[in-house]
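Peer 1: First the structure, then my questions, so here it is.
Derivation of every value follows stated rules applied to the coordinates shown; laboratory data play no part. The structure displayed is predicted, hence computed values, not measured ones. When we count neighbours, we look across all protein chains shown, and the Cβ atoms used for this are built from the backbone with ideal geometry, even at glycine.
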């Protein structure tokens, strides 16, 4: 289903979908580091379930963002534009707050190798910037 015009974004959509599904799997898989992190964190206090909830919500938002990216790629229009505007604002908020495990890994890496930590942070951020651009264009471009 690759179109001649939009094939780079179609491949990008599949890549982002793969990464998102991998993160969802890690969140629920008892063998993953993310699952272990939240299990240990929540064992200390019930208050830490807030971080679990925020990360879970961020994963749901990421799955919905994959839907938005797919709709941008294939030129589908679903839900009113106002819904997607509020969604993008919430997505930004939960992306900034919903990465407890990743943030702690970044801080730990800062102690051992700050240069590699910033290169990794830049790499991850640059991977997701096109998804935000596509979402913005999907919501704000005229039909």
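Peer 1: How large is the helix-only mean residue ellipticity at 222 nm for the chain, computed as the sum of -39500 (n - 2.57) over DSSP H runs with n ≥ 4, divided by its residue count, in deg cm²/dmol to the nearest 500?
Peer 2: One gets -28000 deg cm²/dmol as the mean residue ellipticity at 222 nm.
Peer 1: Within 10 Å, count the other beta carbons around each residue, average over each peptide in 23-29, 113-119, and list them highest first.
Peer 2: 23-29, 113-119
Peer 1: Three principal axis extents, largest first, for the C-alpha atoms of the chain, in Å?
Peer 2: 51, 34, 25
Peer 1: Subtracting the Cα-Cα distance from 0.36 nm times the residue separation, let me have the gained length for residue 104 to residue 57 in nm, one decimal.
Peer 2: Between residue 104 and residue 57, full extension yields 15.1 nm more.
Peer 1: Would you mind putting 63-75, 82-94 in packing order, based on average other-beta-carbon counts within 10 Å, highest first?
Peer 2: 63-75, 82-94
Peer 1: Once you have the Cα-Cα distance between residue 113 and residue 31, take 0.36 nm times their residue separation minus that, and quote the gain in nm to one decimal.
Peer 2: Net length gain for the segment: 26.9 nm.
Peer 1: Which of 102, 141 has the fewest other C-beta atoms within 10 Å, and how do the rest follow up to the most?
Peer 2: Listing 102, 141 from fewest to most nearby Cβ atoms yields 141, 102.
Peer 1: State, as an integer percentage, the relative contact order of the chain based on alpha-carbon contacts under 8 Å between residues 6 or more apart.
Peer 2: Across the chain, relative contact order equals 27 percent.
Peer 1: A further question follows. Between residue 40 and residue 136, what FRET efficiency comes out of the Förster formula 1/(1 + (r/R0)^6) with R0 = 25 Å and r the beta carbon distance, rounded to 0.05?
Peer 2: For residue 136 and residue 40, the calculated efficiency is 0.10.
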